[in-house]
Amino acid sequence: MSDFQVAYIPIGVPTFHLESAQKEFEKSIQMLRGLSEDVVCPKEMLLSINALQEFLSEISPDLIVLQNITFANAAYPSEVLRRFDCPVLLWTLREPVIDGGRLRLNSLTGAYSAGNAIRAFRDGVFEYVFGGPSEAQVIETVAGCMKAARVKKQMRGLKIASIGHTPQGFGFGRALDLELMTKFGVELESIEARELIEKAKSYTAEECRSYLDEAEEKMVGLSSVNADNVEGFSRLYKAYKDYVLENQIGAISSRCWPDFFTSFGTPVCAVLALLNDMKIAASCEADTYGALSMYIGMQLTDECVFFGDPVSMDEEENTVTYWHCGTAACSLARRDTGACVGLHCNRKIGPTMEFGCRAAERVTVFRVGKDGDGVFRFFVASGQALDKEKQFNGTSVVVRTDNPAKDLVYQSVKDGWEPHFVVVYGDVAAELAMLGHMLGIEVVNY
């Protein structure tokens, strides 16, 4: 079992139909344990304040699944809330029988009591689901809530490295260490790009041989790039990878232009691509909030994500194309091409990644951003990644959005969103909404 804990807290009173309640209790435990090994459950239903207090003294939850196994008055949830400040999922059970006879559970009235108490304690910040433990929408909601709470916990152990400053005019990606710590629990470490450039310059070709071998296994056509640039790339990759591993970095935002072209002579794009392939979230143009967005997407899906600009919109096809110069993870490449490399579209120096990304039935476009007053907010849109070849020099993915692409583009431009977005391979809109609630961040759906 990991250090993440989900606590199942079934509250009720013994004056309702306990045979029905016991069946729901057993089915709920089976469902919860089927979703995660990190669930702790009481040995029996918590049908008194004393029983509740005893169980609460044994747990240290990161997520509470608070279920009205029967009706329970507000004293029960209040006892839970005064002890713990972790996220709460309030779960109402459906009445097992409606036959004109006895009310078996009265779980819904209990939920109103609990919701009223949570509102008083937390200004209404909690998740909610109604239904039985075998219902698909209940299982999906509980599973999504577990994922969101786990990411919230993981961010408290995340160290992001900001490598170099944002270029002029790209200040939207610049993060403050105290902001990241207080809102997300994330530690921010900052170093100058020149530190890693100098490290890269100090290595011998032999020291970088294994790093180059690793790259050649994942990339297609690396040998076609100028040999001096390939050697420079291997030096940069060793410098970045060693720094990330030695300092236990989980995500990086790296300056890229102009320094790596002018001061080193080789772009950092393909280096970031390989880090992304390791599931070390790596954004370019020193966009720290972009790197955080990537990290969240990766943690929710255990898949690599795409980071890029919205560069094209097709009203008839209902698509938005996301593109960047060439930092996409090799594993995102179309199977028929593989992770091809080439030259940077503007500087004509390589290696950079050059491919269209693979298709996916469901993707989520996401961004941790800020509004005009500097208040954090989440951008969330759902869609499908189409089977499209590379759209421009660099890497690209074409997303057919669920809602009209024209509306998405018009409204998000007017709403002042930053120009970098993450395409997450999977449908995680519900999980992102829950995470936003848990963090007290507005979720804006497009």
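The values are calculated or read from the model by the stated rules, or taken from the named source; none is laboratory data. Please read all numbers here as calculations on a predicted model, not as lab measurements. Positions of Cβ are backbone-derived with ideal geometry, glycine not excepted, and every protein chain shown enters the neighbour counts. Note: areas computed on protein heavy atoms with side chains; ligands, DNA, RNA excluded. Shrake-Rupley method; radii C 1.70, N 1.55, O 1.52, S 1.80 Å.
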- Query: Quick one: in the range 342-370, which of the residues that are outside any loop (DSSP other than H, G, I, E, B), open to solvent by 10 Å² or more (accessible area, probe 1.4 Å) and at pLDDT 95 or above is farthest from P419 (Cα to Cα)?
  - Reply: E361
- In this structure, is D99 open to solvent by 60 Å² or more (accessible area, probe 1.4 Å), at pLDDT below 95 and either more than 23 Å from G440 (Cα to Cα) or of a type in the set (G, A, S) (or both)? yes
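Rundown of residues vs (1) in a loop (DSSP other than H, G, I, E, B); (2) more than 26 Å from R102 (Cα to Cα); (3) modelled with pLDDT of 95 or more; (4) not aliphatic (A, V, I, L, M), yes/no style:
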| residue | (1), (2), (3), (4) |
| --- | --- |
| P10 | no, no, yes, yes |
| V13 | yes, no, yes, no |
| Q22 | no, no, yes, yes |
| E26 | no, no, yes, yes |
| M31 | no, yes, yes, no |
| E44 | yes, no, yes, yes |
| N50 | no, yes, yes, yes |
- Message: Quick check on V142: is it among the aliphatic types (A, V, I, L, M) and either within 30 Å of G372 (Cβ to Cβ) or open to solvent by 30 Å² or more (accessible area, probe 1.4 Å) (or both)?
- Response: no
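To keep it simple, each residue is scored yes or no on (1) open to solvent by 10 Å² or more (accessible area, probe 1.4 Å); (2) aliphatic (A, V, I, L, M).
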residue: L196; (1), (2): no, yes
residue: K218; (1), (2): yes, no
residue: S253; (1), (2): no, no
residue: F260; (1), (2): no, no
residue: L274; (1), (2): no, yes
residue: A286; (1), (2): no, yes
residue: M294; (1), (2): no, yes
residue: E303; (1), (2): yes, no
residue: P310; (1), (2): yes, no
- Message: Among the listed residues G426, G374, identify the single one that is on the phi > 0 side of the Ramachandran plot, in a loop (DSSP other than H, G, I, E, B) and free of Cβ contacts under 8 Å to residues at least 24 places away in the same chain.
- Response: G374
- Note on the structure: In the range 64-95, residues that are over 19 Å from L52 (Cα atoms) and open to solvent by 60 Å² or more (accessible area, probe 1.4 Å) total 1
- Query: Is at least one residue of the range 193-206 closer than 23 Å to F307 by Cα, in contact with a helix residue (DSSP H, G or I) (Cβ under 7 Å, 6 or more places away or on another chain) and in contact (Cβ under 8 Å) with a residue 24 or more places away in the chain?
  - Reply: yes
- Item | Lone qualifier among T321, T337, T364, T288 - being touching an Asp or Glu at 6+ places or on another chain (Cβ under 9 Å), under 21 Å from L432 (Cβ atoms) and of a type in the set (S, T, N, Q) | T364
